[in-house]
Structures are given as structure tokens and as C-alpha cells.
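Taken together, the values in this text are just the output of simple stated rules run on the coordinates, not laboratory data. Everything quoted here is computed from the prediction, not taken from an experiment. Cβ placement follows ideal geometry from the backbone for every residue including glycine, while neighbour counts extend to all protein chains displayed.
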Amino acid sequence: MKPLNKQTASKTVRPERIIQFGEGNFLRAFIDWIIYNMNEKADFNSSVVVVQPIDKGMIDMLNKQDDLYHVNLQGLDKGEVVNSLTMIDVISRALNPYSQNYEFMKLAEQPEMRFVISNTTEAGIAFDPSCKLEDKPASSYPGKLTQLLYHRFKTFNGDMSKGLIIFPCELIFLNGHKLKETIYQYIELWNLGEDFKKWFEGACGVYATLVDRIVPGFPRKDIDSIKEKIQYDDNMVVQAEIFHLWVIEAPETVAAEFPANKAGLNVLFVPSEEPYHERKVTLLNGPHTVLSPVAFLSGVNIVRDACQHPVIGKYIDKVMFHELMETLNLPKDELQKFAKDVLERFNNPFVDHQVTSIMLNSFPKYQTRDLPGLKTYLQRKGELPKGLVLGLAAIITYYKGGVRADGVEIVPNDAPEIMNMLKELWATGDTAKVTEGVLAAESIWGENLNNIPGLAAAVKANLDSIVKIGMLETVKGIL
């Protein structure tokens, strides 16, 4: 078996046009895979310089392989099982700005540099007032980026054609807006002047994005068979699902410079990211939150098995296609395609997704993912959505604890105050008190849900039914 490097594998040399903050599994299986496809299919002709955002990271392992590695995509594509391996060759080099600050700052001087892409975790886009302009480098990601932009501004004497296009991929709603605000804070803190501020506003663009791909990461259990297959000793293999979506809130001029559509990729340039964020939260996270307790209390442990179950599968279909979908404002055919893609992802034969792993903090999840849909459905249809109401009753039942019919222990996990409240309410043995107490918890909901017409009665009826005839029979009753 050969070592993986540019002596043993071909690596195309391309102009360095992208600075990528982050070397983790997600960026390598998502962004760098996208750029690989753009190079192959749309003549994008660009390579990536990776910048490690923190002092300790994985760039030494990457550089040891000359920044070559394989992406292993697994899942269902239009019903067909796919398990592919692709060598990604787009990273030219990887830098540690803490030990290679000179090389890091020199990136700003490269005239062909055009894009900055980042994923520094949700906590990465934050303002740290202790950062200084002369730090080598600033500790925060926005601080490092401001240092780089200011150096570029000075190097090219404010040339408006030398601005950068910036795509943050951190999982924060309107991440671009947050990053831009933080850069302004550093411009103010470091007194970088009105001319630089105008150049940043006029020459650079910071755009909000939404990313979606499940990336399990390094395939520990499959690595020996993968190495045998590729005949390379690749220690940076990254596994991901086939589905990918990147929504970028940016004008057509930006899309023209980043021609992902020509490579047949699911990258959308849109006027507003918001409806797509809402679509993902509603049609992917929303069903996840309610199917989990319903499936678990019916004796089903894996998301894929829940989708294929003769009763729970119909419940999931009802919640997705007949309840939550009715509350969204995007075109119906677009929503149906997305929902079908979500079901394929839930059915991924390579991922054993335990429903209990989704059950952590279920009440706050229901509040953000399902409650808005319940209210909108009631407003639009004049009745409560039976599947979503049952999902809430199932969460309340799950939080009672105890054991399942087959003897499996039920172990809820949430904030101590929520756990204590449920324990006290269930100790009364009165489902009316349980219902009223949970719905009245403004610390969870931000309001008293007893005020939603018919909700308390519907939840209580479901709780009584689950106690009397069990979860599975209760589900059959609403289908």
C-alpha cells in the first residue's frame, strides 16, 4: 500500500484563489468537495489555502499527505445505494497562523485571491475586545479576518478590484450578517479609519449562507477496507452523506464568479436565506423531534426503521407532507422535492441514527421546530394538526421515564428545572394537571400554551390514550 502524497498520486497545480478558515471534516467533505467538482466540471481552476483557526489542529496530518485525501459518500440517491470514494486535490497548502504568521499575512498580498470561506464552529463568530491589531494573530476568527483585509487594503492602496467575497458556513442563522457586524466592531476598536471602512463596504461582500450535509467524519470501522480499496494509506478520509445543499444569500454577480450551478451542484444563490432556513428547520428538524419519542415509545430505536415501519412511517408522512409542509411559503413542488430528499436521508442504509440521540432537550427543540408550525396550521386550517399534537404528548410521556413495554429503560435528558417540573407533575398521577403544567411553562415556551384553543384537551386525550392502549395504537387512531 502506497503513502498518499504528490509523488504517488497526481495533484494538479491551480491558482490559489480561496482562503479557507478551518481544516475539519465538514469543510473538507462539503466545501472542498464542491470546489473539486467545480474544477472538474465548470473549469473553476482554483485551489484552496487552508488556515487553521486555532493553535492546535490537523494541518500537520494534512500537509504530511500533501493535502490530498478521499471523501467517501454514502447513502441513497433516487432510491439507489451509493458508496463512492473520490480523491480531493484542491488544497494547495495548509498554514498555522500562530507559527506561520508571516505566511498567513502574505496571503493578503496575492492578487488572484478572491474568496474567504470559514467554518469555525458556532462560537467562532464572536467579538473579543482583547484582540489587538498587532497580535500575531488575533485570537478570534473575525479578528484574524480583519487583520488580513486591512493588510490587503494597504498592499493594494485601496484598489476596489482587490476586495474579497466572504462565505461563512458556521451554523448560525444569518451568519454573514453577524460576521460583518463583528468586523465593523474591530474596525472601530482598532481605529482603522474611514477609507478602509469604505473599501470594506464597497469592495468586499460578506454573505449569509446555510449549509446542509451530514458528515460523520473519519470512518474508523471501515478504514481498513477503504485503504484496501484505494490502495493508499490515507489517514484523512472523511465520510459524508450524498445529500448536499448550500444556500447563499448573494446577488447574481457573485453567482457568476462562483459557478457551482455549471457543475450540477445543489448550490443556490437567493435573495433571502430565511425561507430556506425555515424549510430545513421545519421539514428536517421538525419531523425528527416528534418522530423520535413516538418511535421509541412504540419500540422502534433507529430513524431508518421508523421510516420503514408500517404505522410509524405513515405518521412521519402525515407530519411532514400534510401538516408541516402546509405551513411554509415556498413553492409546493420545491418543498415536496426537499421533503423526499429528507426521507432518503432518514433512510440512509449506512447510518444507524438512534432516536434517543435526538431526544436530548426535546422541549426546547419542539418550541423552535414544531410549535411555529402547529400555530400556523391552526391559523390556516382552523384545526389543530393531530400529528404534531401527538408528538408533544409523546415527549411529555417520554419525560415521565420508567421502562418501555419491552423492558428497555426510558432515560430523558434535559435542563434540571424541566426534569424536576415533569417529575413533580407526573407524581400527581393526573394527566389534566400534567398537561396544564407543561403547557403553562413560560420558561420553555415564552408564553402559556393553555391559551391555544383546544390544545390542552387534545394533549390530555393523547396522554390518556397512550396510558390506556399504548403509543402504537394511539398513533393508529390519528392516521
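Things worth noting here:
- Cα centroids of the range 54-76 and the range 1-51: 10 Å apart.
- Taking a sphere under 10 Å around the Cβ of residue 325 and counting the other residues whose Cβ falls inside, with K and R at +1 and D and E at -1, yields a net charge of 0.
- Entry note, the chain: relative contact order of 13 percent, from Cα contacts under 8 Å with a spacing of 6+ residues.
- Between helix 332-346 and the chain there is an angle of about 90 degrees, using the helix long axis and the longest principal axis of the Cα atoms.
- Listed by chain and number, the lysines whose C-alpha is less than 26 Å from the C-alpha of residue 381, apart from same-chain residues fewer than 8 away, are 280, 314, 318, 332, 337, 340, 365, 460, 476.
- Computed FRET value (nearest 0.05) for residue 159 with residue 404, which takes r as the C-beta separation and R₀ as 60 Å: 0.35
- 3J(HN,Hα) along the range 404-409: 6, 4, 8, x, 6, 6 Hz, from the Karplus curve 6.51 cos²θ - 1.76 cosθ + 1.60 with θ = phi - 60°, whole Hz, x for Gly and Pro.
- Looking at the range 308-412, the GluC sites (Glu not before Pro) that sit in a DSSP loop and have at most 16 other Cβ atoms within 10 Å of their own Cβ are 383.
- Relative contact order (percent, whole number), the range 274-478, Cα cutoff 8 Å, 6+ residue spacing: 25 percent
- Out-of-range pairs (alpha-carbon distance over 29 Å; input 6/56; 78/229; 221/400; 41/198; 136/227): 221/400; 41/198; 136/227
- Of the trypsin sites (Lys or Arg not before Pro) in the range 173-276, the ones in a loop by DSSP (not H, G, I, E or B) with at most 11 other beta carbons within 10 Å are 220, 221.
- Net charge of Cβ neighbours under 15 Å - reference residue 188; Lys, Arg +1; Asp, Glu -1: -1
- Projecting label points 7 angstrom from Cα along Cα→Cβ for residue 411 and residue 270 puts them 3.8 nm apart.
- Compactness of the chain - radius of gyration and Dmax, Cα, Å: 25.1, 76
- Spatially proximal aspartates and glutamates relative to residue 262 (Cα-Cα < 16 Å; intrachain offsets below 8 disregarded): 40, 43, 252
- Once the Cα atoms are used to define both axes, helix 386-398 deviates from the longest principal axis of the chain by about 90 degrees.
- Straight-line cross-link reach from residue 2 at under 13 Å between alpha-carbon atoms covers these aspartates and glutamates, not counting any fewer than eight positions away in the same chain: 228, 233, 234.
- Computed label-point distance, nm, for sites residue 112 and residue 189 using a 7 Å Cα→Cβ extension: 3.4 nm
- Check: the range 2-270 dipole with +1 on Lys, Arg Cβ and -1 on Asp, Glu Cβ, in debye: 340 debye
- Of all DSSP beta bridges in the chain, antiparallel share, percent nearest 5: 35 percent
- Estimated distance in nm for a label pair at residue 473 and residue 383, the labels positioned 7 Å out from Cα along Cα-to-Cβ: 2.4 nm
- Alpha-carbon spread of the range 275-358, three principal axes, descending order, Å: 36, 23, 20
- Alpha-carbon Rg/Rh ratio, for the range 274-478, with Rh computed the Kirkwood way: 0.94
- Compactness of the range 58-141 as Cα Rg over 2.2 N^0.38 Å, two decimals: 1.49
- Antiparallel content of DSSP bridges confined to the range 2-270, in %, to 5: 35 percent
- Peptides ranked, highest mean first, by Cβ atoms within 10 Å: ranges 79-90, 131-142: 131-142, 79-90
- Computed over neighbours whose Cβ is under 13 Å from that of residue 138, the net charge equals -1, Lys and Arg +1, Asp and Glu -1.
- Distance between the C-alpha centres of the range 196-244 and the range 436-479: 41 Å, rounded to the whole angstrom.
- Derived scalar couplings between HN and Hα for the range 105-111 equal 5, 5, 4, 5, 8, 7, x Hz in order, rounded to whole Hz, by the Karplus curve 6.51 cos²θ - 1.76 cosθ + 1.60 (θ = phi - 60°), x for Gly and Pro.
- If you bin all the Cα-Cα distances of the range 2-270 at 10 Å, starting from zero, the percentages per bin are 7, 30, 37, 20, 6, 1.
- With Cα atoms, 0 to 90° folded angle of helix 455-469 axis to the chain main axis: 70 degrees
- Per-residue HN-Hα couplings for the range 313-325 [Karplus 6.51, -1.76, 1.60; θ = phi - 60°; Hz; x = Gly/Pro]: x, 5, 4, 4, 4, 4, 5, 6, 8, 10, 10, 5, 4
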